[in-house]
Amino acid sequence: MLSGKTAIVTGGSRGIGEATVKKLASLGASVAIIYAGSEEAALVLRDECKDNYGVRMAAYKCDVSDFDAVKATVAAVKAEFGGIDILVNNAGITLDGLVATMKEEDFDKVIAVNLKGAFNFIRHVAPHMIRARSGRIVNVSSVSGLMGNGGQANYAASKAGIVGLTKTVARELAPKNITCNAVAPGFIRTDMTKAFEGDERITSAVPLGRMGEPHEVAEVIAFLCSPAASYITGEVIRVDGGMAM
């Protein structure tokens, strides 16, 4: 379904990013895995996808919050793969704390990685997609950005910003046949949510009564990257078990 396409997935070495890399590769896409610190995991994933799916893979270390570093990374991907058809902005961090006591640097860092990081990649990938008059951009938001979450003023703000960024980019790039959508996961079983596993307060807040799995988010991301979603843009799809209904 995605044979001949090249995808960039940020935060691609673990969690939702890892599941997305595997899913896109299984559909025939070549994938550039962008990671910040998990080099070993990124290289293992790269080789696993090469072996299992026979697609071209590469891994790049990049601080997504660094505008110039992202520019250089996108140029390297373009040079190696020849084009960029899909961008999945998944990289994200949490530095939780109550707003009354949150450190300024914790607020700034989360915004820089989660929101500015997505802007940085869109900014440098968009010209390539515009020239090709084709492209798919998927940004990973969160239900925290839709409904708020105590102790996550910085994270919720960054993920709410992703929604506004997604809708604006969708409007700007639609004339060039480029779509931009977002997914908003709820409680997904990843390293970020390990502390909540088995917590009945969490499962009781989810109508489906359980945490989600990374592959369930990856399936929706892959759909938004596929030809089947060619007439969908500016949309935010919750993958949250009904939590934010």
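Could you work out how far helix 214-225 tilts from the main Cα principal axis of the chain, as a 0 to 90 degree angle to the nearest 10?
Relative to the chain, helix 214-225 is tipped by roughly 50 degrees.
I'd like to know which of T203, A244, C180 lies farthest towards the positive end of the charge dipole of the range 144-245, counting +1 on Cβ of Lys and Arg and -1 on Cβ of Asp and Glu.
The listed residue farthest towards the positive side: C180.
Ordered by residue, what ³J(HN,Hα) values in Hz, to whole numbers, does the range 83-88 give under the Karplus form 6.51 cos²θ - 1.76 cosθ + 1.60, where θ = phi - 60° and Gly and Pro are x?
The phi angles translate into x, 9, 9, 9, 10, 10 Hz.
Can you tell me which lysines have their Cα less than 21 Å from the Cα of K103? Leave out same-chain residues fewer than eight positions away.
Those lysines meeting the cut-off are K116, K159.
Starting at the first residue of the range 154-165, write each ³J(HN,Hα) from the Karplus equation 6.51 cos²θ - 1.76 cosθ + 1.60 with θ = phi - 60°, in whole Hz, x for Gly and Pro.
With coefficients 6.51, -1.76 and 1.60, one gets 5, 5, 5, 5, 5, 7, 5, x, 4, 5, x, 4 Hz.
Excluding ligands, DNA and RNA, what is the solvent-accessible area per residue of the chain at a probe of 1.4 Å, expressed in Å²? Could you put the intermediate results ahead of the total?
On the way: 11290 Å² over 245 residues.
It amounts to 46 Å² per residue over the chain.
Which one, T73, S30, T101, projects farthest toward the positive side of the charge dipole computed for the range 16-107 from Cβ point charges (K/R +1, D/E -1)?
Going by the Cα projections, it comes out as S30.
May I have the convex hull volume per residue, in Å³, for the Cα set of the chain? Kindly include the intermediate steps, with their values, before the conclusion.
Details: hull volume 29.2 nm³, N = 245.
Taking the convex hull of the Cα positions in the chain, it is 119 Å³ per residue.
Per-residue counts of other Cβ atoms within 10 Å, averaged by peptide: what ranking do you get for 10-21, 216-227, highest first? Walk me through the intermediate numbers first.
On the way: 10-21: 27.0, 216-227: 21.0.
Result, highest mean Cβ count within 10 Å first: 10-21, 216-227.
Which trypsin sites (Lys or Arg not before Pro) in the range 59-105 sit in a loop by DSSP (not H, G, I, E or B) and have at most 14 other Cβ atoms within 10 Å of their own Cβ? Can you show the working numbers first?
Numbers: sites: K61, K71, K78, K103; in loops: K103.
Those satisfying the criteria are K103.
Need the C-alpha centroid separation for the range 169-189 versus the range 1-74, integer Å.
19 Å
Which value at 222 nm does the chain reach when only helices count, each DSSP H run of 4 or more adding -39,500 (n - 2.57), with the total divided by all residues and rounded to the nearest 500 deg cm²/dmol? Mind showing how you got there, number by number?
Numbers: 9 runs with 108 residues, N = 245.
Rounded to the nearest 500, it is -13500 deg cm²/dmol.
Within the range 154-242, what whole-number % of the accessible surface is contributed by carbon and sulfur, with the 1.4 Å probe and all protein chains included in the calculation? Each step should come with its number before you reach the end.
Values: 2340 of 4280 Å².
Whole-percent figure for carbon plus sulfur exposure: 55.
The values are calculated or read from the model by the stated rules, or taken from the named source; none is laboratory data. Quantities reported herein were computed from a predicted structural model and do not represent experimental measurements. So basically every Cβ, Gly included, is an ideal-geometry build from the backbone, and we count neighbours across all protein chains shown. SASA here: full protein model, heavy atoms, side chains in, ligands and nucleic acids out. Shrake-Rupley method; radii C 1.70, N 1.55, O 1.52, S 1.80 Å.
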